[in-house]
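Working notes for the structure below.
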Amino acid sequence: MDSSNLTTALKEEALRLGFDLAGATAAEVPPTFEHFRQWLTDGFAGEMRYLAERFDAYCDPNRVLDGVRGILMLGVNYRTVEPMALAPGYARVSRYAWGGDYHEAVRRRLHKLADFHRRLTPAARVRGVVDTAPLLERALAAQAGLGWIGKNTMLINRRCGSWLFLAALLTTEELRPSESTKTDMCGDCRACLDACPTGALIAPYWLDARKCVSYLTIESRGAIPAEYRAACGDRIFGCDACQEICPWNRRTPPSPEPAFQPAQGRNPLALSDLRAIDEAEFRGRFRHTPLWRARRTGLLRNAAVVAENHARGSSSEKPP
C-alpha cells in the first residue's frame, strides 16, 4: 500500500474509532525544538527533571520506535459539562481529571488503530503512545495540521479549542504529511496571559512551570511557595484558567465519551471527603484517575492551601 492510501485509511479509521482529529507528519524533530531546549536551559521545568534526563530522546523519534518514518498525530476532545458552582468546603479539579484515566481510554483506541495498521501492512512495526514517551506532542500535532500552539503553550484547534488529549501512532511506514498549521490564530489576544493567576505565562508562548498552579498542585512534591498560595484559590488539582478564558474554547462541542464524564465527587471535590480517607481508601478511589499523580500527600497539601484560602475568603485570582 502506498503512503497516500495508507495515510487516508489510517485517518478514516482513527475517526471511526472516536478520535476527533488526525493528521500525519514525518518522523523528524519539530522546528520548535530549539524553543524546548531554551525552555529547559532557563530552568522553567522546575522539578520535572525527567524532561532534561530524556533530552536526547526528544531529539530523535527513533528512540521511541526504531526505524520510524511516519507519525500519525491524534486528538480526542475531552470537554464535557461546565464546572459546577462551588460551595464552602469544596475545591476545583481541572477538567481533564474529572473522569477516569484518560491514558487507558485513549490507549484502547490506539491499540485498535495499531491492529488495523498491521492488517494493512503486516511487515510494519507500529507503536502507539499517550503522553508517556519522549515526544513533543503539541509541536508534532501542529506540524501534522491539528492546530497551532497558542500563547498559553497549548495546542488549539479551530473546532475543538484546546480541550484535547493528544496521542501518537508511530510507524516504520512512510505517511503522506498533512499540511501543517502555519497561521497563529491568536492574533493580538492576550486573555490567557492576563488570566494566569500566578503570572506563570511570562510572555506569549513561554510558561514558567515553577509558577504554574497545575505544576504546583500536581508535579511539585514540596510545599507550595507562600507567594503563590493565595493565587491557588480553590484549585486543588490543576488549573484551567488560561483555557477557560480562551475565545477558541467558547463554542467547542461536548464529548460523548463516558470515560471523560465527571465522576461522583470530582466536579467539584469535597475537602472533607479527602481528609477522611486513609492511604488504602485513597488508592481504591483514585488509583485509576489522573489525581493519582499528585499522591495523597500532595492532595492533602493542596487541600490545606484551599482551606486556608477559604478561611481568608481568597478567590482564585491573580495576586496584586
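The values are calculated or read from the model by the stated rules, or taken from the named source; none is laboratory data. In this text the structure is predicted, and so the values were computed from the model without any measurement. Backbone-built Cβ (ideal geometry, glycine too); neighbour counts: all protein chains shown. Protein only, heavy atoms only, side chains kept; ligands, DNA and RNA dropped before computing areas. Shrake-Rupley method; radii C 1.70, N 1.55, O 1.52, S 1.80 Å.
Using θ = phi - 60° in the Karplus curve 6.51 cos²θ - 1.76 cosθ + 1.60, the 3J(HN,Hα) couplings for the stretch 68-75 round to 4, 10, x, 10, 9, 8, 10, x Hz; x is entered for Gly and Pro. Per-residue 3J(HN,Hα) values for the stretch 22-29, derived from phi via the Karplus relation 6.51 cos²θ - 1.76 cosθ + 1.60 with θ = phi - 60°, read 8, x, 10, 8, 6, 7, 10, 5 Hz in sequence order (x marks Gly and Pro). Summary of the geometry: the stretch 131-187 and the stretch 230-293, compared by the centres of their Cα atoms, lie 24 Å apart. In this calculation the C-beta distance from A226 to W206 is compared with R0 = 22 Å, giving a FRET efficiency of 0.35. Put simply, the C-alpha atoms of the stretch 181-238 give a gyration tensor, and the ellipsoid matching it has half-axes of 25, 12, 10 Å, longest first. Taking only the alpha carbons of the stretch 90-140, we obtain Rg and Dmax values of 15.0, 53 Å in that order. Taking Cα atoms only, the orientation of helix 3-16 departs from the longest principal axis of the chain by about 40 degrees. Taking the square roots of five times each eigenvalue of the Cα gyration tensor of the stretch 1-83, the equivalent ellipsoid has semi-axes of 29, 21, 10 Å, listed largest first. Distances between placed amide hydrogens fall under 5 Å for L21 paired with G75, all partners being 5 or more residues away or on another chain.
Highest first, please rank the peptides 88-94, 210-216 by the mean number of other Cβ atoms sitting within 10 Å of their residues.
Working: 88-94: 19.6, 210-216: 23.4.
Ranked from most to least packed, the peptides come out as 210-216, 88-94.
Taking square-rooted eigenvalues a ≥ b ≥ c of the alpha carbon gyration tensor, is the stretch 1-144 rounded, prolate or oblate, where a/c under 1.5 means rounded and, failing that, a/b exceeding b/c means prolate? It comes out oblate by the Cα gyration axes. Normalised Debye scattering of the stretch 91-179 at q = 0.11, 0.24 Å⁻¹ gives log10 I(q)/I(0) of -0.38, -1.34, counting only Cα atoms as equal scatterers and leaving out solvent.
Could you tally the net charge around D56, taking each other residue with its Cβ under 12 Å from the Cβ of D56, Lys/Arg +1 and Asp/Glu -1?
Working: positive: R37, R54, R63; negative: E53, D60.
Result for the neighbourhood of D56: +1.
When the convex hull of the C-alpha atoms of the stretch 217-293 is computed, what volume per residue in Å³ does it have? Display every interim value, and only then the final one.
Numbers: hull volume 10.2 nm³, N = 77.
Considering the Cα atoms of the stretch 217-293, their hull volume per residue is 132 Å³.
For the chain, the ratio of Cα radius of gyration to the globular rule of thumb 2.2 N^0.38 Å stands at 1.01.
A straight chain from V29 to R119 at 0.36 nm per residue would run longer than the Cα-Cα distance by 29.6 nm.
Using a 4.7 Å Cβ-Cβ cutoff, the cysteines of the chain lacking any partner cysteine are C59, C160, C186, C189, C196, C212, C232, C239, C246.
For the chain, what % of the accessible area comes from carbon and sulfur atoms, probe 1.4 Å? Reported share for carbon and sulfur atoms: 51 percent.
Per residue, how much accessible area does the chain show when a 1.4 Å probe rolls over the protein heavy atoms, in square angstrom? Show your work: numbers first, answer last.
Values: 14810 Å² over 320 residues.
With all protein chains present, the chain gives 46 Å² per residue.
Packing order of peptides 127-135, 46-54, 139-147, highest average first: 139-147, 127-135, 46-54 (average count of other Cβ atoms within 10 Å over each peptide's residues).
Can you check what the Kirkwood hydrodynamic radius comes to for the stretch 129-205, Cα pairs only, in Å to one decimal?
Details: mean 1/r = 0.0724 Å⁻¹.
Hydrodynamic radius (Kirkwood, Cα pairs) of the stretch 129-205 is 13.8 Å.
Can you check what the net charge comes to around A45, using other residues whose Cβ is under 10 Å from the Cβ of A45 (Lys, Arg +1; Asp, Glu -1)?
Details: positive: R49, R210; negative: D42, E47, D208, E219.
Summing Lys and Arg as +1 and Asp and Glu as -1 gives -2.
Percentage of Cα-Cα pair distances in the stretch 184-320 greater than 23 Å, rounded to whole percent?
Numbers: 3766 of 9316 pairs.
Within the stretch 184-320, distances greater than 23 Å cover 40 percent of Cα pairs.
Using the Stokes-Einstein relation with a Kirkwood hydrodynamic radius computed over Cα pairs, the translational diffusion coefficient of the stretch 137-265 at 4 °C and a viscosity of 1.567 mPa s comes to 79 µm²/s.
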